[in-house]
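The values are calculated or read from the model by the stated rules, or taken from the named source; none is laboratory data. As the structure is a prediction and not an experimental result, all values here were calculated from the model. Counting neighbours? That spans all protein chains shown, and the Cβs are built from the backbone with ideal geometry, glycine included. Ligands, DNA and RNA are excluded from the accessible area calculation, which covers all protein heavy atoms including side chains. Shrake-Rupley method; radii C 1.70, N 1.55, O 1.52, S 1.80 Å.
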Amino acid sequence: GTDPYKVDYKIAFWTATLGGAFALGLEDHLGHFAAGKQADAVVVDCASAVFDSFLPQIDSALPKRSLAADLERYLNLGDDRNVKRVYVRGKLVRETGTQAACAS
């Protein structure tokens, strides 16, 4: 059957956002972008050369550019070098370099 311990990027992202809010009983206040809710967020450079440092075999196995592929790539391979802006409670607290265009 399926591995009960396997977590794909979609489940990991949900757990870190709205799932965490539900676990804390705060889903009415945070966990996703909506008017009146608290928001912490990062702006990620999806075209960063950080991803290019991996073997071609790994890169070719990843999905081609799309929003979902960019999210999966960042969650699995990204780090602080990909982060261009950081917002805490909706306020910009850190900005580095220029933002590259992500897939849409």
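How many residues does segment 71-86 contain that are open to solvent by less than 70 Å² (accessible area, probe 1.4 Å), of a type outside the set (Asp, Glu) and free of Cβ contacts under 8 Å to residues at least 60 places away in the same chain?
9
Residue-wise test of (1) at pLDDT 90 or above; (2) part of a helix (DSSP H, G or I); (3) among the acidic types (Asp, Glu).
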{"site": "1", "(1), (2), (3)": "no, no, no"}
{"site": "38", "(1), (2), (3)": "no, no, no"}
{"site": "70", "(1), (2), (3)": "no, yes, yes"}
{"site": "73", "(1), (2), (3)": "no, yes, no"}
{"site": "94", "(1), (2), (3)": "yes, no, no"}
{"site": "99", "(1), (2), (3)": "no, no, no"}
{"site": "102", "(1), (2), (3)": "no, no, no"}
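So that you can scan it fast, the table gives a plain yes or no per residue for (1) over 21 Å from residue 70 (Cβ atoms); (2) in contact with a strand residue (DSSP E or B) (Cβ under 9 Å, 6 or more places away or on another chain); (3) at pLDDT below 85; (4) surrounded by 15 or more Cβ atoms within 10 Å (Cβ to Cβ):
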{"site": "24", "(1), (2), (3), (4)": "yes, no, no, no"}
{"site": "30", "(1), (2), (3), (4)": "yes, no, no, yes"}
{"site": "35", "(1), (2), (3), (4)": "yes, no, no, no"}
{"site": "41", "(1), (2), (3), (4)": "no, yes, no, no"}
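Can you pull out every residue in segment 11-31 that is under 19 Å from residue 72 (Cβ atoms) and either touching a residue at least 24 places away in the same chain (Cβ under 8 Å) or outside any helix (DSSP H, G or I) (or both)?
12, 13, listed by residue number.
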